[in-house]
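Trainee: Input: one structure, supplied below.
Bear in mind that the values in this text are calculations on the coordinates, not laboratory data. Keep in mind it's a predicted model, so treat the numbers as computed, not measured. A quick note on method: Cβ atoms are made from the backbone with ideal geometry, for glycine too, and the neighbour counts reach across all protein chains shown.
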Amino acid sequence: RMRITEAGNVGIGTTSPTDYYSGADNLVVKQASGEGGISIVTSDVQTGWLLFADGTTGNEQYRGGISYNHSLDKLYLLSGGSSRVIIDSSGYTKFTKSTGGVIASFYDGTYGVDLAATATGGSIQTFNINQTLNFNTYGTGDITFTTSNNSERMRITSGGNVGIGITNN
């Protein structure tokens, strides 16, 4: 049922854990047929963790990982020592990024949506659909609609004026 090799590698359900890639083959869990898995069990008000570390101090202890908060019914994906993706029990997904660039991308191979932030990590600046229609917001409060070649086609100013085919309204 379980084997610990001379090198200290552990196999559960396999006598040869080094046959599989899991980093240094330290732990391999195998189910020859049917479903298999590993369960991390905590109380219904606690959080279970699977963490990736590269040190023993600060966030080196959890540079990457997966956690599940039972009391909130939320799944967290960690990268760089911080939560980057949060999925709640209704399937709502929140992506976070601390600096500028694309915050989230959703693509099914044909259709897609990008959300991008300002270089300082401020509010969403660009909402891009299929890389052909862009909604842009600026510090002025204006919203512009541009095509894939960044040609402005419509602007709604913070005062409520709408311009189509012109940029100064």
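Trainee: Amide H neighbours of Gly81 under 5 Å, counting only residues 5+ apart in sequence or on other chains, H built in-plane at 1.01 Å?
Mentor: Gly64
Trainee: Oh, and also: Provide the net charge surrounding Gly36, with neighbours chosen by a C-beta distance below 15 Å and charges set as Lys +1, Arg +1, Asp -1, Glu -1.
Mentor: +1
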